[in-house]
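Asker: Mind having a look at this structure? Questions to follow.
The values are calculated or read from the model by the stated rules, or taken from the named source; none is laboratory data. Note that the structure is predicted; figures quoted are calculated from it, not measured. Cβ atoms come from the backbone with ideal geometry, glycine included; neighbour counts cover every protein chain shown.
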Amino acid sequence: MTGSASGSALDRARLTWRGAARVWFRNLTIYRHTFRLNIVPNFFEPVFYLLSMGVGLGAYVAGVADSYLAWVAPGLFAASAMNGATFEVTYNVFVKIVFDRSYDAMLSTPLSVEEIAAGELAWAVTRAGIYGVAFLIVMALFGLCHSAWVLLAVPAALLIGLLFAGIGLTFTALNKQIDLYSYYFTLFLTPLFLFSEIFFPLERMPETFRVLAFFTPLYHAVRLCRFLFLGTEPRAALVSAVLIAVAALVICAVAIRLLRRRLVI
Amino acid sequence: MAGIDFTVSAGECFGFLGPNGAGKTSTMRMIYCASPRSAGELRVLGHDPDREPRAIKQELGVVMQDDLLDEALNVEENLLLFGIYHGLSRQAARARAGESLTYFGLADRARSRPRELSGGMRRRVEIARALLAEPKILILDEPTTGLDPQFRHDLWQRFLDLRERGITILITTHYMDEAERLCDRLVIMDRGHIVATGTPAGLIAETVPAGAVEVRAQAAERARIAEQLASTFGQPEEYSDRLVFYTEDGDRILSALRTGGYAIRSELVRRTTLEDVFLRKTGRELAP
């Protein structure tokens, strides 16, 4: 076949920023119809979490920091960015592939599969950013933002969004049954949410948990965010940021390739 | 697909006529760069679909067999986005969308969701969308399947109008009247092969006489008629419920039928069509 011989040059031509931006713009057009409805839960979710975990549970917790609310909030912020990106590249993309077949029509235009994948990833990152900004505003209202440096949490949310967008799109490109998402959410995202040091340090957990956590994505996202809000463990946070960036680029490249395999029959 | 060979010239309406499963849609998918071809040469506007899909797709407008309007977008946005996918500026795309909606009589439905429209209107939106970036080639895969006759005739008129404006049209259909009405040239496809190529009139003229007589009767009676009249009028073709004699001298058959005293349900003298060409070339009926 002609494809593999000139592989990289061909790939570069397949993915242009303009094409990806056009796919991203489709999602923005749709979001403009629904954002007034969609944006409301984005504010309520952090309010509920901060009230129940931070204020409610926090009243019984001592030992991690001066205030449990201040300690738990950055972790919840990271989880929020994760969730914002995840929904777009799981159910939403699956429906577009299988039920709406939106991409079939889009691929009859000059757009390429790579641009569709990149556009969807970029949109998921955008949603992570929207979740992040909403969360940050709520944190400020709770009095948890003490310096302008916390604004760095927004780019952090975008970076975390990119990582989870890549992971989610990889799963979607391989997933043939919509029901399997319950495995993705229950067996993958839920344990990440519970064991990534959002709610408690892993110090007193068995060694295995700590070792495993180091190799999972949300753990690093939490470490990064906790540093940005509280200034804890700067060197570890830097390591986490680099790991997230590298992992995000690798997994997004994998997702783009797998989506081509899925869509071109 | 096995060894299909055709050339389409700029500005013509070229048809692919054949039953479902003949390979028409597969051929279209290769042309609009959705499916790789297993072997062989294909050039669209001088480009190889494997190497330069973008250059090809930039000049194509595709209306697929399945209704694939974007339900998340309204009618105008459906058009607008297709313009943007083709690289038009937002302003240019909006202007084109407005013109196009007016041309297709959809101006008052710009804000409707596709699902709020009738089947015929949705089809028009799809065609308007395919034409938005002013393609050189319009690909229509079974464009009127499932539409009522009034809508079909309306669309045919528009296709002929588009061809007048110089757009090359590739159309697949299993309706022989559609092929005859629209196509300058066509191929007849069956089971992944091309069984005939030519103009509608030319194909009919070279395959069957200009006239045919259809005779409907019960199976036993059909067999008797076929046996007794074959020597004079030639072996008739057997459709599922009727015989067809190919002859320009219909009156002689009619009088022979009358004098023979056969139990006939009905008879019909007609012009031959592409349907007869398909039957002759494949031994099977085109329409189910």
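Asker: State yes or no: is residue B:61 buried (at least 22 other Cβ atoms within 10 Å of the Cβ), more than 10 Å from chain A (Cβ to nearest Cβ) and in contact with a strand residue (DSSP E or B) (Cβ under 6 Å, 6 or more places away or on another chain)?
Answerer: Taking the combined requirement at face value, the residue does not satisfy it.
Matching residues to (1) exposed (fewer than 14 other Cβ atoms within 10 Å of the Cβ); (2) without any contact (Cβ under 8 Å) to a residue 12 or more places away in the chain; (3) within 12 Å of chain A (Cβ to nearest Cβ); (4) among the small types (Gly, Ala, Ser):
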position	(1), (2), (3), (4)
B:3	yes, no, no, yes
B:8	no, no, no, no
B:11	no, no, no, yes
B:20	yes, no, no, no
B:34	no, yes, yes, yes
B:45	no, no, no, no
B:48	no, yes, yes, no
B:57	no, no, yes, no
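Asker: Out of (1) part of a helix (DSSP H, G or I); (2) buried (at least 22 other Cβ atoms within 10 Å of the Cβ), the odd one out for residue A:109 is which?
Answerer: (1)
Asker: What number of residues within the range A:210-265 satisfy the criterion of being exposed (fewer than 13 other Cβ atoms within 10 Å of the Cβ), among the β-branched types (Val, Ile, Thr) and not in a loop (DSSP other than H, G, I, E, B)?
Answerer: Residues that pass the stated criteria total 4.
Asker: Mind checking whether some residue in the range B:135-142 is surrounded by fewer than 22 Cβ atoms within 10 Å (Cβ to Cβ) and over 17 Å from residue A:107 (Cα atoms)?
Answerer: Among the residues of the range B:135-142, at least one is surrounded by fewer than 22 Cβ atoms within 10 Å (Cβ to Cβ) and over 17 Å from residue A:107 (Cα atoms), which makes the answer yes.
Asker: Identify all residues within the range A:121-147 that are free of Cβ contacts under 8 Å to residues at least 60 places away in the same chain and more than 18 Å from residue A:226 (Cβ to Cβ); write none if there are none.
Answerer: Answer for the range A:121-147, where residues must be free of Cβ contacts under 8 Å to residues at least 60 places away in the same chain and more than 18 Å from residue A:226 (Cβ to Cβ): A:124, A:125, A:127, A:129, A:133, A:141.
Asker: Another question, if that's okay. If you scan the range A:13-23, which residues turn out to be away from chain B (no Cβ under 11 Å) and part of a helix (DSSP H, G or I)?
Answerer: Those that are away from chain B (no Cβ under 11 Å) and part of a helix (DSSP H, G or I): A:17, A:20.
Asker: Something else: Restricting attention to the range A:26-39, and to residues there that are in contact (Cβ under 8 Å) with a residue 40 or more places away in the chain and within 12 Å of another protein chain (Cβ to nearest Cβ), which single residue is surrounded by the fewest Cβ atoms within 10 Å (Cβ to Cβ)?
Answerer: A:28
Asker: Would you confirm, using the coordinates I've provided, whether residue A:170 is in contact with a helix residue (DSSP H, G or I) (Cβ under 7 Å, 6 or more places away or on another chain) and polar (S, T, N, Q)?
Answerer: yes
Asker: Working only within the range A:179-209, note down all residues that are surrounded by 14 or more Cβ atoms within 10 Å (Cβ to Cβ) and among the β-branched types (Val, Ile, Thr).
Answerer: A:198
Asker: Which one is nearest to the chain's Cα centre (by Cα) among residues in the range B:231-288 that are modelled with pLDDT under 90 and of a type in the set (Val, Ile, Thr)?
Answerer: This residue is B:282.
Asker: Another question, then. Exactly one of these conditions fails for residue A:74: (1) within 14 Å of chain B (Cβ to nearest Cβ); (2) modelled with pLDDT of 90 or more. Give me its number.
Answerer: (1)
Asker: Residue B:182 versus (1) under 19 Å from the mean Cα position of the chain (by Cα); (2) on the phi > 0 side of the Ramachandran plot: which is the lone unmet condition?
Answerer: (2)
Asker: Here's a check for you: in the range B:192-240, which residue that is among the β-branched types (Val, Ile, Thr) and assigned to a loop (DSSP other than H, G, I, E, B) is surrounded by the most Cβ atoms within 10 Å (Cβ to Cβ)?
Answerer: B:208
Asker: Could you please find all residues in the range B:148-174 being assigned to a loop (DSSP other than H, G, I, E, B) and either touching a Pro at 6+ places or on another chain (Cβ under 6 Å) or buried (at least 18 other Cβ atoms within 10 Å of the Cβ) (or both)?
Answerer: B:167, B:174
Table: residues versus (1) charged (D, E, K, R); (2) under 18 Å from residue A:136 (Cβ atoms); (3) modelled with pLDDT under 95.
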| position | (1), (2), (3) |
| --- | --- |
| A:201 | no, no, yes |
| A:206 | no, no, yes |
| A:210 | yes, no, yes |
| A:217 | no, no, no |
| A:222 | no, yes, no |
| A:225 | no, yes, no |
| A:233 | yes, no, yes |
| A:240 | no, no, no |
| A:244 | no, no, no |
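Asker: Taking the range B:109-147, which residues are part of a loop (DSSP other than H, G, I, E, B) and touching a residue at least 60 places away in the same chain (Cβ under 8 Å)?
Answerer: Hits for the range B:109-147 are B:131, B:132, B:133, B:135, B:136, B:142, B:143, B:145.
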